[in-house]
Structure formats: C-alpha cells, structure tokens
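Notes follow once the structure below has been shown.
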C-alpha cells in the first residue's frame, strides 16, 4: 500500500481558486436575480441559505474535536470526528428551530431557538466529556497549544503530560464548543426557515393540493432534509479545513477559517440554488 | 498451511468498478421503472434496492481511494457528504419524467460534486490527487442510492408520487394525502441515513494492513442488502402484498448469501493471524 503523508493543510490561500469561487458565487446569485425576478422571496431565500452555510462553516472551527487521540488522552477535545459533532449540534439546533418555526414564532425567534438548541447540545456534551475525562479516566484538562487559557488565565503547561498535545477539555475549548454549537444551530435553522418559506409558497400549485395547509408535511420534510444535506456539506468542508483535530478558537488552526468561508459561500450557493429549483421550476 | 500472499494494491481497477457500478445502478433503476409500468404492478420495485447496492459497492471503492490519503476527519465524513450532496441532486431529478430523471440526477450530481471537490481540493487546499474526482463520484453515488431506495419504497421516483401517495396497508388503501408520503412522513430521512452508513462502513471496517478489495466489496454488498431489508419493511405502507414479499425475499436472500461469503473471506484473511506461532523462548540460556 502506498503510504502518503497526512495532508497538513497549510495556512496559505490559493488566490486563483478563491477568485474562481467568488465568480461562481456571483454568477449563481446573478442567475437567481435574473431567473426569479429580482429581489423577491426566492432571492432572499438563496441569500439566507448562503448565509446559513457560512455560519455553519465558521461555527465548526470553534468545536473542540479530538478524534481518536483524545479518546486515548493524548490530545484535547471531544473524542469523536468533526462530522459527527457538528451534525449532532446542528441537528439538535435544527429541531429546536423547526419547532419554533412551526409555531409561527417568526424568523428571529426560530433562528435564536435553533442556536440555543445547538449550544445546549454542545454544552451538555462538553459537560459530560469533562466529567468522564476527570472522574472516570483520571485525565486533567490541559491545552497543548497555548500557555495560558485565554479566558480563565490558568496556566496549562504544569498539567500537560510529556509526549502529548495536551488532554482533557480546557475551559476555552468548552466555551468554544458552546459558541460553535450556537453558530451551527443558527445556520442550520436559517437554511431550514428560508427553504420552508419557498416550499410553502410554491408547493401547493406544484402538487395541485386542495389547500395550502395540506402540503405542510411535505414542505417541512423537504426543507428539513435539504437543511441537513447543506449542513453536512458545509460541516465536512470545514472539517477538511481543520484536518481532523482542533482545540477551539485558541488553536492556531482557527486562523484558517477564511478558506472555509469561501468554500462554504460557493458550495452552499450551488446547493441552495438547486434546492430552491426543486420547487421553483 | 501456507498463507496466500496477495498484493494489497491491485484487485479490480477503480475505473472498472466505477463504470460497472454506474451502469448497473442505472440499468436497475430503469428495469424497475420499466417493468413496473409494463406490468402495471409494483412487483419490480426491488430493482431500486439492487441499484442502491450497486452504488454502495462502487462507493466503498471510491471511499477507499480517497481515505487512503488520510483525510484526518474519519471515513464517516465522506459518507455524510455523499448523501448530503446526493439528496439535492436526487430531489431535483424527481421533477423530470421517469426516463429522464436518472440522467438528470447524474448530471446535476456531477456538477454539485465537482464544485464541492474543487472547494475541498483547491480552496481548502487539501491537495489530494483524487479529491475532485472522489467528491464528484460520491455525490452521484449518494443520489443513486436515494433514488433506488425511493423506488423500492414507493415503486416510483417522481416527485408527485413521493410527496403525495395513496397510503395503503398491504394493498388496502386507507387514506390519500401528503402527510403519509415518502417525503411527507420523512421516510426520506431514514433512507438518507441508511445509505450514508452503508456506504462508509465497508472501508471503515476493513481498512488496515490486511485490507483486501474483494473482502471490502463483499462487505459493501452485505451492507447494501442489509439496508434493503428496512426499506422493504417500510414499503409495506405503499406497495401491494406480493411486491413487499418479493422485496423482503430478495433482500433477505441477498443478505444471507453476501454475509456468508463475507464471513468466508474474513476467515480466509484471518488465517494468517490464526496461524501465527507464539514467540519461542530462545534455547540454551
């Protein structure tokens, strides 16, 4: 088997690729403007989907992901992959936001409810991760990337075992996880809410439903499955950006986030346009 | 007993598996739709499940090619992005007529997958040679899997049939409406996660120094048939009794056969380890 080195994913950016992505983004937004008659419901929905995708891609960078090394106490973070953690937080948020949207509480309440759902899920996860690390595995929390915790100011080096990159879940990682969950939940709910408006508007005619109320289950399910799909695309792209493990916002890898934002812009624009076209053509 | 030494690289080339997977998935979807409309029955819906199995076998080999580079995020992330991009292509394809829909699915999935692959490889700078191609392939695979499962559940992959269907328990219509349909009842979410887990599991389970392609592909077929079983049970709500029985029998027979074959292959590859002798104490000390 050919052994290839693990991609390190440097800090630099590829100007040519970034320019092409921005051109693609502008082309898609322009196409939506021309096809669907300017600043209407569909154009607003597409912009909301893109914004939601960017929030998800940005939020993933806050989540402390440890992967397999964390399970062995050799790296800080929650001992699972980015895709699983981000999907867990985002989907928990999506359920909260979708419930608020279904109760007709409006855009702001739905989006904030989604954010709180995601943040709550991450907070509960982080709490139990700390409990298990500390009291079940006997691992103190120590960051390997910074000398002092940026929030509490506690020194880290004394608690870090030699030969590891830190271990446990330092306070800043905990806080980062909650912020990441909030952003993911907000982004997912924004996508869901925008698509739901489009489908509730377009589907009754498309499916020749007797009443507009009859298609609500279909609109909710379609918007939900598309929100999950676009969420996973953006979360996995952001996960590739941090190549597996990160400690949260104080990790040097955090400075790579502009690349993930550009990728999320173009990817969610393409996915969002197709998702809207399902009902709009 | 001698241990058969096999090349770890090698086996069937990926291009062959890709074309075989794509063509057999498309042929199965068309066969199911064509035979269903020819005989005016739902009995041939199980071909959709076979299309999903073909896509899963192809997908496991694609994921092997990509994840050999060590993407750092774990193999499941590829399964998730596969279905995440595939569901979008699949649902727009359902707007077209039955003979156009699979082609539209492949074309739209190639476009979405190429954009995602470009983002991952060039903007995020993963710089993995097969990244763009793999992301394009997994988007098509995700879409084909969902379309196959949709066909197996409801006997059709047109949006109107998926969104509004005559609800029936074992062929007795009980209600017509949108709430109980494939999309309205969110059965699509179950199909989504069944496909995502089935496509990422084979390589995740078989990776390592003793990886063998035939064992991984057999596990992929086993995962596919195992995923067909719940889909067959869900089709109770939409299809006639004979169609459900045919689906269950095909899935169960396929699963039993591939599971048995997989166990044989696993024993073949495990023999190298069972045969290992304990380390002997050196004599004369």
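Which whole number in µm²/s is D for the protein assembly as shown by Stokes-Einstein, with the Kirkwood Rh taken over Cα pairs at 10 °C and 1.306 mPa s? Display every interim value, and only then the final one.
Details: Rh = 24.4 Å.
In µm²/s, the coefficient is 65.
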*Set the Förster radius R0 to 51 Å, insert the Cβ-Cβ distance between residue A:68 and residue A:23 as r into 1/(1 + (r/R0)^6), and round the FRET efficiency to 0.05.*
0.85
*For helix B:131-154, what angle does its Cα long axis make with the longest principal axis of chain B, in degrees from 0 to 90 and rounded to 10?*
50
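From other protein chains only, count the Cβ atoms within 10 Å of every residue's Cβ in A:260-272, then give the mean. Walk me through the numbers on the way to the answer.
Working: counts 3, 1, 3, 9, 3, 2, 5, 9, 0, 1, 9, 8, 1.
Partner Cβ neighbours, averaged per residue: 4.
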*Take the alpha carbon atoms of segment B:61-117, find their center, do the same for segment A:88-119, and report the distance between the two centers in whole angstrom.*
28
*So what is the relative contact order of segment B:1-131, in percent, for Cα pairs below 8 Å that sit 6 or more residues apart?*
19
*Of B:211, B:255, B:58, which has the largest mean-square fluctuation in a 10 Å C-alpha GNM of chain B?*
B:211
*Return one number: the angle in degrees, 0 to 90 and rounded to the nearest 10, between the long axis of the Cα atoms of helix A:257-280 and the longest principal axis of the Cα atoms of chain A.*
30
*Crossing angle, helix B:46-67 versus chain B [Cα axis fit, 0-90 degrees, rounded to tens]*: 40
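When you look at the Cβ of every residue in A:111-123, what mean number of other chain Cβ atoms sits within 10 Å?
Mean partner shielding for this stretch: 0.
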_Backbone N within segment A:242-281 under 20 Å of label point (7 Å from residue A:152 Cα along the Cβ vector)_ = A:246-252
_Using the Kirkwood radius over C-alpha pairs as Rh, can you work out the diffusion coefficient of segment B:29-153 via Stokes-Einstein at 20 °C, viscosity 1.002 mPa s, in µm² per second?_
145
*At q = 0.21, 0.25, 0.26 Å⁻¹, what is the base-10 log of I(q)/I(0) for segment A:44-106 according to the Debye formula with one equal point scatterer per Cα and no solvent? Please give it to two decimals.*
-0.89, -1.05, -1.08
*Peptide-level mean, for A:240-247, of C-beta atoms on other protein chains within 10 Å*: 5
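Per 0.36 nm of contour for each residue apart, how much would the distance between residue A:47 and residue A:254 grow if the chain were fully extended, relative to their Cα-Cα spacing?
Working: separation 207, 0.36 × 207 = 74.52 nm, distance 2.53 nm.
Using 0.36 nm per residue and subtracting the Cα-Cα distance, I get 72.0 nm.
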*Which residue, B:195, B:254, B:148, has the most motion in a Gaussian network model of chain B that connects Cα atoms within less than 10 Å?*
B:254
*For residue B:103, put the label point 7 Å out on the Cα→Cβ axis and report which residues of segment B:29-53 keep their amide N under 16 Å from it.*
B:29-31, B:34
*If the convex hull of the alpha-carbon atoms of chain A is projected onto planes in all directions, what is the mean projected area in square nanometres?*
17.4
_Cβ crowding within 10 Å averaged over residues, with B:76-89, A:146-159 ranked highest first_ = B:76-89, A:146-159
_Pairwise FRET efficiency - residue B:260 versus residue A:208, Cβ, R0 = 56 Å, nearest 0.05_ = 0.70
*Add -39500 (n - 2.57) for each DSSP H run of 4 or more in the protein assembly as shown, then divide by its residues: what number comes out at 222 nm, to the nearest 500 deg cm²/dmol?*
-22500 deg cm²/dmol
*Per Stokes-Einstein, at 20 °C and 1.002 mPa s, what whole-number D in µm² s⁻¹ belongs to segment B:14-274, with the Kirkwood radius over Cα pairs as the hydrodynamic radius?*
117
_Show me, bin by bin at 5 Å from 0, the whole-percent P(r) of segment A:145-243 based on Cα pairs._
2, 11, 14, 13, 11, 10, 9, 8, 6, 5, 4, 3, 2, 1
*Anyone know which of A:163, A:106, A:185 comes out most mobile in the 10 Å Cα GNM of chain A?*
A:163
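Since every read-out is calculated from the coordinates, none of them should be taken as a lab result. Fair warning: this is a prediction, and the values are worked out from it, not measured in the lab. Don't worry about glycine lacking a Cβ; one is built from the backbone with ideal geometry, like all the others, and counts go over all protein chains shown.
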